[in-house]
Amino acid sequence: MRLNRRALAVIAASAAALVAVTVASTAAAPGDPVDPATAPHPQYDYDDPSKSFLVELNFGATSATLIDASVVGHRSRSRIGDPPLLQLSLTDEDGAAAGTLQAWDPRWYLVQAPAGGEELELRDGPGILTLPFDADAASMLVRDLRAGTDLVTVDLSPAVREFCLAHPSDPDCVEADLAITSTTVSGDPLGVIGKPVAVQVKAAVANLGPDGPVDADVTQTASGSPGVTVTPANRTFDADGLAVGSPTTVTGDYNVVCTTAGAQTVTVTTSVVPEKAKVADLHPANNSASATFSIDCAVPVTVNVMPGSLTNPVNVNPGAVPMAVLTTAAGEYGNPLAFDAATIQAATVRVGVRGPLIATSTGAPETHGKVHLEDSLELDEQTRDGDKDGVLHVRADQLGIQPGTVEICVRGRSGPGAGTSFFGCDHITLVPR
């Protein structure tokens, strides 16, 4: 890369400022003559913390692209006397203005003039900008003042982050070990194809020190096995003001919809990163944690409680309540899959109210221990469609019915081997004993 004279001058001036120079306090009083032989000698401060941004751009006529941006350990050269060619405007992470300065345009080159002497010529190509370091600077807009054109916006955060990770004890940097210390997931273990299941993920976010408080960005990413969909796929949270030893909890809510029958899983990963680039987290291994949720996806079925009655009266007593799990074709009663009641595994059948039945399979078994196959009445309580439905009998006092209960549900497994789950409900009307 060929640098113009101005860029070379910038680098030379920067190199000369690698250390700061101070004068001893033994200087003569104002107005006293100074003998050079006895004048105080300069003292070099090798611990000078001054830094600057060094930004290399590839300039075009109306735009520029970033080649590299870094933080270097020396002072930026003075801008006093620079003509108003380029304007460098800094903003912080929140987009607030963080400072503005003018800079020489490195596209200007000194060239030999045809008539002798030197003249300035505008050329495209690489050029270097230096400016004072600001740990809170997130971006820099470079504007061509003469043309009134914005050339490029430079993301300074990677340069700040790289510097602070390498120098966490620098006075402009902050060191904080952010961590996800625990994560839990909860939701119904049984889902029905096509119906959303609410799943909640809680994660503890902590600042393990040594510095604080700091602001953090938390992200949750959810994914499911091929038989489920999860929405949303991502959630973001602000964990601001994380003090050392004072964790906070973020909670993400998701909808899981079964698309295929059988056992499925949902995994949610929670991650935390510092919001500001100047925060150095030297222990990234604990920045993420995952929780996996298992859900059994059931085939939806149509249930007819008390075949022959539109009101389905149920008296809570030891008496048996009849109901039919109907054999249906795909699309019948809105069911996405066909269901053959002859494949019901009688020992797995449980009948009860929705909540306990889904959560723990708490309900009443089939009284006779078998499924009675017969052509039961359909939901209109008049039609028999000619196929074999699964008629069940359960004791009413084992269903878990409470005042206000308006439906009872059936779950079980069907098919060969371990089979797949099925689930369906029908309304009831409570009647006094």
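The values are calculated or read from the model by the stated rules, or taken from the named source; none is laboratory data. Owing to the predicted nature of the structure, the values given are computational and were not obtained by experimental measurement. Every residue, glycine as well, gets a Cβ built from its backbone with ideal geometry; the counts of neighbours run over all protein chains shown.
Values for this structure:
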{"item": "Hits in the range 97-136 - residues which are hydrophobic (A, V, I, L, M, F, W, C) and farther than 18 Å from A64 by Cβ", "result": "A97, A98, L110, V111, A113, A115, L120, F133, A135"}
{"item": "Single residue of the range 172-211 satisfying the filter (of a type in the set (D, E) and not in a strand (DSSP E or B)) that is farthest from the chain's Cα centre (by Cα)", "result": "D172"}
{"item": "V257 being crowded, with 16+ Cβ neighbours inside 10 Å and closer than 30 Å to V431 by Cα", "result": "no"}
{"item": "Selected residue [over 14 Å from G60 (Cα atoms) and under 45 Å from the mean Cα position of the chain (by Cα)] from L120, L101, L110", "result": "L101"}
{"item": "Residue among A280, A263, A289 that alone is closer than 30 Å to S414 by Cα and in contact with a strand residue (DSSP E or B) (Cβ under 9 Å, 6 or more places away or on another chain)", "result": "A263"}
{"item": "Residues of the range 207-259 classified as among the acidic types (D, E) and within 30 Å of A298 (Cα to Cα), total", "result": "1"}
{"item": "Complete set of residues in the range 85-137 that are within 20 Å of G148 (Cα to Cα) and of a type in the set (V, I, T)", "result": "T91, T100"}
{"item": "Residue match in the range 384-404 (condition: assigned by TED's automatic domain parsing to the domain that holds G319, basic (K, R), in a loop (DSSP other than H, G, I, E, B) and touching a residue at least 60 places away in the same chain (Cβ under 8 Å))", "result": "yes"}
{"item": "Only listed residue being modelled with pLDDT of 95 or more and under 30 Å from V353 (Cα atoms), chosen from V250, V197, V218, V273", "result": "V197"}
{"item": "Test for V205: is it surrounded by 21 or more Cβ atoms within 10 Å (Cβ to Cβ), within 16 Å of A289 (Cβ to Cβ) and not aromatic (F, W, Y)", "result": "yes"}
